[in-house]
Amino acid sequence: MLKFTPDHEWLDPTGDDVAVGITEHAASELGDIVFIELPTVGDSVSKGDEVVAIDSTKAASGITAAIDGVITAVNETLVDAPESVNADPMGTWFFRIDPTDPAQLDDLLDEAAYQALIG
């Protein structure tokens, strides 16, 4: 079951690690994404750390870690094709993280709470 952050990120905890991306709301607010800087596999991150830098035609933004963990994979295709996020934000992951404390996922929003947040 997907989890969401108030910063418009989604987390998919199915599998051995957690895939992270941005929501359709975030992608539409950003406009056309033109540059993405990804983390390095093996990086340890703490909740609140900026993990990804995103530049778009409207703004500079980023993805902050919603949980503590270690980066296990990055979606290298986004470096050469950042616009693919705009085409399918809910189907495009930026990185995967192995949670240090999986219970932190319980503090995130479910889909109903996220939809209520964005109205």
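Values in this text are rule-based calculations from the coordinates and carry no lab data. Because the structure is predicted, anything quoted here is derived from the model rather than measured. Don't worry about glycine lacking a Cβ; one is built from the backbone with ideal geometry, like all the others, and counts go over all protein chains shown.
Miscellaneous remarks
- Cα centre as origin, Lys/Arg/Asp/Glu Cβ charges: the chain dipole, Debye: 140
- Fluctuation leader among A19, A59, A27 - the chain, Gaussian network, Cα springs under 10 angstrom: A59
- FRET efficiency for the T57 to E37 pair, using the beta carbon distance and R₀ = 22 Å, is estimated at 0.85.
- Result for the chain in a Gaussian network model with C-alpha springs under 10 Å: among E37, E50, E29, the largest mean-square fluctuation is at E29.
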